[in-house]
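Would you mind keeping the following structure in view while I ask a few things?
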Amino acid sequence: MQASTHLIKGNLEVKISKRRDLPCFREFKERKSTLTRNLCIRRGSICSGLSSGAVSMGAELARARDNVETVARSLIKFRSVKGQASGGDVEDLAPINPHETSTGTVLPFVGVACLGAILFGYHLGVVNGALDYLSKDLGIAQNAVMQGWVVSTLLAAAAVGSFTGGALADKFGRTRTFQLDAIPLIIGAVLTAIAQNVQTMIIGRLLAGIGIGITSAIVPLYISEISPTDIRGALGSVNQLFICIGILAALVAGLPLSRSPVWWRGMFGLAVIPSILLALGMTYSPESPRWLFQQGKISEAEKSIGTLYGKERVPEVMYELRTAGQGSTEPEAGWIDLFSKRYWKVVSVGSALFFFQQFAGINAVVYYSTAVFRSAGIASDVAASALVGASNVFGTVIASSLMDRQGRKSLLITSFSGMGASMLLLSLSFTWKVLAPYSGILAVVGTVLYVLSFSLGAGPVPALLLPEIFASRIRAKAVALSLCMHWISNFVIGLYFLSVVDKFGISVVYLVFAAVCLLAVLFMAGNVVETKGRSLEEIELALNPTT
């Protein structure tokens, strides 16, 4: 009996060693679960020929199965290391982890990080409905330039904050940076709520801007680094979903303004609540395992992995980090490294994504949709803006379900195409006399279609794609640089949109936005890489094969 057991065990191990002849290993590259399923089929066919009364032999076979699976894992890891050493296509490497990933412990920490995304959206959208009312209280109702500064000060400060966020995240870690970020967010919200003059309002907006600039850099960074590969796209798009929820919350918060004009102060003050919750939540959230590994804090990285994915996954995830080798073989990159030949192409793609996102006109819609609807004759302009915010949330929910199936690149192209068509419709509705009787309806329909198209790709994809395409040693700083482009573009739109509309007309401005969308489609088609279904380490090796 013992001899028979060893014979079966030996035969199984011989078969595994000849893995190139087995269908399960050929199929493994396409579906991670195939290896386990095929091994079970083979074990079942062998076990079915044994006597059912051989109880002791069953125990031996159980041990044999464990040994076979150990051999299989070793062969998979060998192929991965061999592929990296030979500089082959990373997509041809077998995935390191063949198990389905449980996200039960990841989701709460993603939710805590998304409080930063809510604040991002809320501070962007809160000025939309409140601008007219605060302008009257602060004595700038007839000063369009000063109103532009109230809007845009936040954006200029956010550009500074995004750079600060990258440096802080590299030095102190992701969770500690979130906690530090709560300080300017809380103070900024309080100052804007109690402001008695425009100077205090601008100082409050500056501090809040620094805060949301930092969150804009570290929220997608933290989520991408703690998310399992299989659903990283869906979880990454949650960042944009909560930004949209923040914008919607700000628009809804403005509904009581028609009955209580001083409510604008309460609108700004509400931002204190998620700021405090963010600081408290990050006290209990695990640090990014990748950042800990790069800092040489191996035991802390293992503890963090255990908290996020379960203790049984610690060896596999640590192996994945070691094979990438970035944290142990190269020092953290400096700002100058981002402009080197090695990284400049991928960094320029990241910056271009946010350039097109902003100059396609999204924040002109977010900041000034109420004013545009009012000029088009819409009676309930604030309610119409709230409808736009709801459309943004709805579209982002749809995008979350498509992100890991359709892929990032196809969603970007589809999104910018829809945005361009919507902007063209809006432009024509203001110029074609035949459409004049329907201009109000078309303004709402075109804006809602534009926002829906934006939320399907142009909104969620850039913040998700950036941490995926940047190598680990430049990730935090490169994300910060790209987001600086976001905030600079945002600042220009916020500051000059009303002035440009006054000079050239809304129709011409919308036509320019449509042209930018067309250029974006051409750029995405030629320069953006697809990252769905690939680990951060695989993407890094593919885009930076010399690292």
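Mind giving me the nanometre distance, one decimal, between the label points for K341 and V262, set 7 Å out from Cα along Cα→Cβ?
The answer from the label model is 6.6 nm.
Enumerate the residues in region 194-235 having an amide nitrogen under 14 Å from the point lying 7 Å beyond the Cα of L107 toward its Cβ.
Label zone hits: 228, 231, 234-235.
Considering only the other residues whose Cβ falls under 13 Å of the Cβ of F339, what net charge follows from Lys and Arg at +1 and Asp and Glu at -1?
+3
Placing +1 at every Lys and Arg Cβ and -1 at every Asp and Glu Cβ, with all other atoms neutral, what dipole size does region 103-285 have around its Cα centre, in debye to the nearest 20?
180
May I pose another question? S401 label point, 7 Å along Cα→Cβ, cut-off 17 Å on backbone N: hits in region 429-458?
452-453, 455-457
Please list, by residue number, everything in region 154-187 whose backbone N is under 19 Å from a paramagnetic label point 7 Å out along Cα→Cβ of S299.
From region 154-187, the list is empty.
Here's something else I'd like to know. Hey, what's the Kirkwood Rh for region 103-285 if you take every pair of different alpha carbons, in angstrom? Let's see the in-between values first.
Details: mean 1/r = 0.0609 Å⁻¹.
Answer for region 103-285: a Kirkwood hydrodynamic radius of 16.4 Å.
Another one. For V512 and L255, what is the calculated FRET efficiency with R₀ set at 35 Å and r taken between the beta-carbons, to the nearest 0.05?
Calculated value: 0.65.
If the chain between V500 and Q196 were fully stretched, how many nm would it gain, using 0.36 nm times the residue separation less the Cα-Cα distance?
Contour length minus the Cα-Cα distance gives 106.5 nm.
With the crude spin-label approximation of a point 7 Å out along Cα→Cβ, what separation in nm comes out for L280 versus V492?
It is 4.2 nm.
Just to be sure I understand the model, the point goes 7 Å from the Cα along the line to the Cβ. What's the resulting Y438 to M318 distance in nm?
Roughly 6.5 nm, to one decimal.
Read-outs throughout are calculated quantities, based only on the coordinates presented, and are distinct from any laboratory measurement. In this text, all values refer to a predicted model and were calculated from it rather than measured experimentally. Please note: Cβ atoms are built from the backbone with ideal geometry, for glycine as well, and neighbour counts cover all protein chains shown.
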